[in-house]
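Here's the structure, in structure tokens; my notes come after.
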Amino acid sequence: MSVAIQVPVAKTSNHLALPRAAVSAEMQLTAKQKRLIRESFLKIEPALNLVGTLFYLKLFRLDPTLRTRFEGPAEMQGRKFAAAMKLAAISLNHEDGLAPTLKLLGVRHRQLGIKARHYRTMARALIWTLEQSLAMSFTRETKHAWTALLGQLTRIMAA
């Protein structure tokens, strides 16, 4: 498991902002990790809506209380998930390109009552979903790459 990095949060007039250097440090993945994430994403991309639905069904099975926090059927949530996954894959090329979007998503999640512990459940559900979707091609290295990415995303969203 990766070690959490404590990042000072600076307040601005209407929102919280991470210092640019801190955001870049948060989003550091090795070139190999990025490649593994991209390659595995490309394998699931043709069925991304279905993968997203599977993710939400697993998430709601792990924590049924989360069902009330997300509006609409699992299929609709799956489409939102698919869009977020695609954005995350594209953003791997940009050191801090995803951080502002993640911070906004984190604010939205807090409005829905999502807590830091829920992100851990979401990460478990996603790793399980990737294991099911990618089967043998979800290697230990690929799992570690996704786990590192999810840890970094969680730290930004929960900040």
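The values are calculated or read from the model by the stated rules, or taken from the named source; none is laboratory data. Computed from a prediction, not measured in an experiment: that's the story for all the values here. Note: ideal-geometry Cβ built from the backbone for every residue, glycine included; neighbour counts use all protein chains shown. SASA here: full protein model, heavy atoms, side chains in, ligands and nucleic acids out. Shrake-Rupley method; radii C 1.70, N 1.55, O 1.52, S 1.80 Å.
Structure notes:
- Selection within the stretch 116-138: residues that are more than 20 Å from PRO64 (Cα to Cα), touching a residue at least 12 places away in the same chain (Cβ under 8 Å) and in a helix (DSSP H, G or I). The member of this set that is most open to solvent (accessible area, probe 1.4 Å) is GLN132.
- Single residue of the stretch 139-159 satisfying the filter (assigned to a helix (DSSP H, G or I) and open to solvent by 50 Å² or more (accessible area, probe 1.4 Å)) that is farthest from ARG35 (Cα to Cα): ARG155
- Residue pairs whose Cβ atoms lie under 6 Å apart, separated by 6 or more positions or on different chains, with the first residue in the stretch 62-86 and more than 17 Å from LEU102 (Cβ to Cβ) and in a helix (DSSP H, G or I) and the second hydrophobic (A, V, I, L, M, F, W, C) and at pLDDT below 85, are ARG69/LEU112; GLN77/PHE70.
- Checking each residue in the stretch 90-115 for being among the small types (Gly, Ala, Ser) and surrounded by fewer than 18 Cβ atoms within 10 Å (Cβ to Cβ) picks out SER91, GLY97, GLY113.
- Residue match in the stretch 94-111 (condition: without any contact (Cβ under 8 Å) to a residue 12 or more places away in the chain and outside any helix (DSSP H, G or I)): yes
- Restricted to the stretch 55-89, and to residues there that are hydroxyl-bearing (Ser, Thr, Tyr) and either at pLDDT 85 or above or open to solvent by less than 30 Å² (accessible area, probe 1.4 Å) (or both), the residue that is farthest from the chain's Cα centre (by Cα) is THR65.
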